[in-house]
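**Student:** Encoded as structure tokens, here's the structure I'll be asking about.
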Amino acid sequence: MKTTNSKSFYFLLGVALTLAAGILSASIFLPYDLLASSNNNPDEQFPQEYKIISPRIPDYMEFAGERVPLENFDVYERIDREFIVNTYFHSSTILALKRATRWFPVIEPILKKNNIPDDFKFLCVAESNMENVISPAGATGFWQFLKETGQKYGLEINKQIDERYHVEKSTEAACKYLQEAYDLFGSWMMAAGSYNMGINGMQKQIERQKSYHYYNMVLSAETSRYVSRIMAFKEIFKVPEQYGFDITANEMYAPLKYNTEVLNSSVSDFADYAASLSINYSTLKLYNPWLRDNKLNNKKKKIYEIKIPEEDNIETIN
């Protein structure tokens, strides 16, 4: 019994010493931590006054002249989701803002010429972030055309030429698609939604649901988010600083300055062809990404316009 009490005494003593050591250690380090955390300087706590907040949703929104029914809680929450996602997907949205100064001046006049509302320039932001990418399904380019659809709307697509990578021509094709969809559905929102799910798919849903308003439709998760995503980009691009994007004008990407060269013959080697134009193969492909091979079998002598950078834009890498 005495031995047990002795062991208990030493055990409790050990616990007490451990606690004392912990308190002593805390007394050494805690004041500095408390001092650092008690600093109320907002510039240090939130660099550039950055805070994680829910982005402001405008009181009134419209897409291509069609009002968005924000009073409907489901519509509001769809819009809210896209504002949050695209405000805080920093890297992607920053790149889109930078690319817009290069590509919107190309896209806007084509939309205007074809009587397509200017808001549709944000559709290609939602589709590809204005980058010549390929989706898992094979949709390609800024406007993400599948091969069959691109060919239907006038794009040349084969192993050597793929005009889905041609911004001007693919924008023209997108205008044809959107006008056809608008003529069919009588709504730009429905035309935009059909761009994501296909005209036939939208027609089937209209017949099934007996509804003609985009926000009254039960659609796939992707299509139901689609128009809201486009509108989120529209508002963020309108006042990016309001959503935390502090990008100066000289940080934006400048439009590409170029001249054109007519090509109406076959080319056996585009590296040699580029050299004949006093540029290199890489520059040729950068300005003309729709050239998909290193040669062109142009037996029918079709006329193509090749973009050549202006001399002051050419930088030689040795």
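**Student:** Using a 10 Å cut-off around each Cβ, can you sort 133, 75, 267 from fewest to most neighbouring Cβ atoms?
**Tutor:** With the fewest neighbours first, 133, 75, 267 line up as 133, 75, 267.
**Student:** Report, in listed order, any pair from 98/307; 257/299; 112/210; 152/210; 112/159 with a Cα-Cα distance greater than 26 Å.
**Tutor:** Too far apart for the 26 Å limit: 257/299; 112/210; 152/210; 112/159.
**Student:** Using the number of other C-beta atoms within 10 angstrom as an exposure proxy, rank 63, 237 with the fewest first.
**Tutor:** 237, 63
**Student:** Please give the contour-minus-distance gain from residue 91 to residue 184: 0.36 nm per residue of separation, less the Cα-Cα distance, rounded to one decimal in nm.
**Tutor:** 29.8 nm
**Student:** On to the next question. Run the simple label-point estimate for residue 106 and residue 241 please: 7 Å along Cα→C-beta, distance reported in nm.
**Tutor:** Each label point lies 7 Å from its Cα, and together they span 2.9 nm.
**Student:** Further question: Quick one: grab the alpha carbon gyration tensor of region 258-313, order the square roots of its eigenvalues as a ≥ b ≥ c, and give me rounded if a/c is under 1.5, else prolate or oblate depending on whether a/b is larger than b/c.
**Tutor:** Numbers: a/c = 1.91, a/b = 1.52, b/c = 1.26.
Since a/c reaches 1.5 and a/b is larger than b/c, the shape of region 258-313 is classed as prolate.
**Student:** How much length would be gained if the chain were fully extended between residue 278 and residue 54, taking 0.36 nm per residue of separation minus their Cα-Cα distance, in nm to one decimal?
**Tutor:** 75.4 nm
**Student:** If you don't mind, another one. Tell me, what is the FRET efficiency for residue 204 and residue 135 to the nearest 0.05, using R0 = 25 angstrom and their Cβ-Cβ distance as r? Walk me through the intermediate numbers first.
**Tutor:** On the way: r = 22 Å, r/R0 = 0.88.
According to the calculation, E is roughly 0.70.
**Student:** Determine the gain in length on full extension of the stretch residue 212-residue 76; use 0.36 nm per residue of separation and subtract their C-alpha separation, reporting nm with one decimal.
**Tutor:** Separation in residues times 0.36 nm, less the Cα-Cα distance, equals 47.0 nm.
**Student:** Counting Lys +1, Arg +1, Asp -1, Glu -1, what net charge surrounds residue 133 among other residues with beta carbon under 14 Å of its beta carbon?
**Tutor:** Neighbour charge sum, excluding residue 133 itself: -1.
**Student:** Skipping prolines and chain starts, which residues have an amide H placed within reach, meaning under 5 Å, of the one on residue 308, given they are 5 or more residues away or on another chain?
**Tutor:** Those lying under 5 Å, H to H, from residue 308 are 259, 260, 261.
The numbers here are math on the coordinates, done by the rules we state, and not lab data. Keep in mind it's a predicted model, so treat the numbers as computed, not measured. Note that we place each Cβ from the backbone using ideal geometry, even for glycine, and neighbour counts take in every protein chain shown.
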